[in-house]
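Worksheet: one structure, shown below.
The values are calculated or read from the model by the stated rules, or taken from the named source; none is laboratory data. Fair warning: this is a prediction, and the values are worked out from it, not measured in the lab. Neighbour counts run over all protein chains shown; Cβ positions are idealised from the backbone, glycine included. Quick note on the areas: whole protein, heavy atoms, side chains included, nothing else; ligands and nucleic acids left out. Shrake-Rupley method; radii C 1.70, N 1.55, O 1.52, S 1.80 Å.
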Amino acid sequence: MLSKFWESLGSNLAKRWIEYVFGPAFLFWAGGFGIYTWKTGWQEMLTYLQGLTQLQQGAGIVSALLVLVFSSLVLNALRFPILRILEGYWPWPFHYLGLGIIELRKKFFKKKYGQLRELKAKESTEELSSAEQQKLSELDTWAHWHPVQAAGLLPTALGNIMRARERGSERKYSLDAVVCWPRLWSLLPENVRDDLVDARSSLERMAELWFWGLLFLIWNFWTPWALLIGLLWMVLAYGMALQVTMAYGDLIEAAFDIHRMKLYDALGWPRPKNRAEEKKMGAQLTEFLWRGTMPGNLEFEHPE
């Protein structure tokens with residue numbers, strides 16, 4: 001048993017070491033070193049490196065590895081605030097920029113939902129043309145990744161995707177995902193939790209990758225090519241983050257769709273008997289979890 005433990009520990013350490021050394025930090029520092037070498041001259045750099053003693057070369061390699069690992073650890077610890085920035089929760093004074101972007105998004109939002117309602121109304125009374133059917137499908141997909149109300153909009157696409165899926169449980173069952181999720185998490189089957197952990201880890205890695213692209217703009221003081229590379233890096237990383245966010249958001253909503261009754265059972269609350277009752281009881285359950293307020297007429301059964 002101990003041999004398997006050490007084997008597992010060794011494989012995890014090796015995996016982490018590979019991520020640190022050959023992850024986005026390596027691309028950032030290697031890119032900066034490549035740009036510096038290109039500006040100073042490859043032959044000059046080669047001559048300089050060949051003039052170093054073996055001790056100096058070894059110390060340089062060790063120092064480079066330490067810089068890679070330390071910078072990777074720092075950015076790894078900052079994944080959550082970076083992700084919050086990508087979601088559109090911006091600190092002062094960028095908060096006001098976000099409000100301006102939201103106002104611009106509201107005009108586009110109302111136009112899109114207006115077109116969607118028109119096509120839905122037409123679909124119920126007459127057959128749509130192929131072009132209209134295609135437009136309806138596109139609008140349905142767009143609406144799935146946006147909040148239902150304009151008041152819920154955020155300044156970024158990633159933030160709107162997350163908010164739309166987080167509020168899906170509140171819209172359908174009156175269960176606030178932010179309040180209920182920590183409790184529901186412990187009740188989920190292991191395979192569901194594994195899928196959610198993998199999706200969340202992928203999302204945080206994409207957020208970190210995007211931030212390394214932002215940092216790459218620092219090398220712009222050596223060459224303007226760094227600006228182009230950094231912007232392209234950020235666009236690609238953000239695009240991948242959007243795809244991961246869609247999968248992660250759907251998994252969160254699916255967890256409520258399938259396993260929400262476990263939350264009632266674990267807390268000793270009676271299960272709702274119909275949709276109308278579930279909306280009412282979901283709001284009461286959320287209120288209880290958030291503020292500890294329990295309705296007086298509730299027939300509470302302590303879970304065994």
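Is one or more of the residues making up the stretch 35-48 in contact (Cβ under 8 Å) with a residue 24 or more places away in the chain, within 30 Å of residue 156 (Cβ to Cβ) and either surrounded by 11 or more Cβ atoms within 10 Å (Cβ to Cβ) or not aliphatic (A, V, I, L, M) (or both)? Scanning the stretch 35-48, I find at least one residue that is in contact (Cβ under 8 Å) with a residue 24 or more places away in the chain, within 30 Å of residue 156 (Cβ to Cβ) and either surrounded by 11 or more Cβ atoms within 10 Å (Cβ to Cβ) or not aliphatic (A, V, I, L, M) (or both), so the answer is yes. I'd like the full set of residues that are within 21 Å of residue 253 (Cβ to Cβ) and touching an Asp or Glu at 6+ places or on another chain (Cβ under 7 Å), limited to the stretch 117-175. Selection gives 154, 156, 158, 159, 162, 165, 168, 169, 170, 173. Of all residues in the stretch 91-102, those satisfying the criterion of being out of contact with any Phe, Trp or Tyr (no Cβ under 6 Å at 6 or more places or on another chain) and closer than 17 Å to residue 161 by Cβ are 101, 102. Starting from residues that are open to solvent by 90 Å² or more (accessible area, probe 1.4 Å) and in a helix (DSSP H, G or I), keep the ones in the stretch 125-150 and report whichever is nearest to residue 89 (Cα to Cα). For the stretch 125-150, the residue satisfying everything is 138.
Here is a yes/no grid of residues against (1) in contact (Cβ under 8 Å) with a residue 12 or more places away in the chain; (2) part of a helix (DSSP H, G or I); (3) closer than 26 Å to residue 215 by Cβ:
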{"site": "69", "(1), (2), (3)": "yes, yes, yes"}
{"site": "83", "(1), (2), (3)": "yes, yes, yes"}
{"site": "103", "(1), (2), (3)": "no, yes, no"}
{"site": "112", "(1), (2), (3)": "yes, yes, no"}
{"site": "115", "(1), (2), (3)": "yes, yes, no"}
{"site": "118", "(1), (2), (3)": "no, yes, no"}
{"site": "123", "(1), (2), (3)": "yes, yes, no"}
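Which residue, of 31, 60, 10, 51, is modelled with pLDDT under 85 and touching a helix residue (DSSP H, G or I) at 6+ places or on another chain (Cβ under 9 Å)?
Details: 31 fails: modelled with pLDDT under 85; 10 fails: touching a helix residue (DSSP H, G or I) at 6+ places or on another chain (Cβ under 9 Å); 51 fails: touching a helix residue (DSSP H, G or I) at 6+ places or on another chain (Cβ under 9 Å).
After ruling out the rest, the residue left standing is 60.
Here residue 78 qualifies as surrounded by 12 or more Cβ atoms within 10 Å (Cβ to Cβ), closer than 30 Å to residue 167 by Cα and in contact (Cβ under 8 Å) with a residue 60 or more places away in the chain. For the stretch 158-169, check the following and say yes or no: at least one residue is part of a helix (DSSP H, G or I), in contact with a Gly (Cβ under 8 Å, 6 or more places away or on another chain), of a type in the set (Asp, Glu) and modelled with pLDDT under 95. The answer is yes; a qualifying residue exists.
The rows are residues; the columns are (1) open to solvent by 30 Å² or more (accessible area, probe 1.4 Å); (2) of a type outside the set (A, V, I, L, M, F, W, C).
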| residue | (1), (2) |
| --- | --- |
| 196 | no, no |
| 216 | no, no |
| 225 | yes, no |
| 255 | no, no |
| 264 | no, yes |
| 268 | no, yes |
| 275 | yes, yes |
| 293 | yes, yes |
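What residue, of 241, 237, 276, is at pLDDT below 90 and part of a helix (DSSP H, G or I)?
Result of the check over 241, 237, 276: 276.
Going through (1) more than 21 Å from residue 32 (Cβ to Cβ); (2) of a type outside the set (Lys, Arg); (3) open to solvent by 80 Å² or more (accessible area, probe 1.4 Å) one by one, residue 289 falls short only on (3). Applying the condition of being among the β-branched types (Val, Ile, Thr) and over 14 Å from residue 195 (Cβ atoms) to the stretch 227-253 and asking which residue is least open to solvent (accessible area, probe 1.4 Å) yields 245. Going residue by residue through the stretch 187-210, is there one that turns out to be touching a helix residue (DSSP H, G or I) at 6+ places or on another chain (Cβ under 9 Å), modelled with pLDDT of 90 or more, aromatic (Phe, Trp, Tyr) and over 24 Å from residue 288 (Cβ atoms)? Yes, the conditions are met somewhere in the stretch 187-210. Flag: residue 187 matches the condition of being open to solvent by 30 Å² or more (accessible area, probe 1.4 Å) and in contact with an Asp or Glu (Cβ under 9 Å, 6 or more places away or on another chain).
Would a scan of the stretch 165-181 turn up a residue that is open to solvent by less than 10 Å² (accessible area, probe 1.4 Å), closer than 27 Å to residue 288 by Cα and without any contact (Cβ under 8 Å) to a residue 40 or more places away in the chain? No; the residues of the stretch 165-181 include none that is open to solvent by less than 10 Å² (accessible area, probe 1.4 Å), closer than 27 Å to residue 288 by Cα and without any contact (Cβ under 8 Å) to a residue 40 or more places away in the chain.
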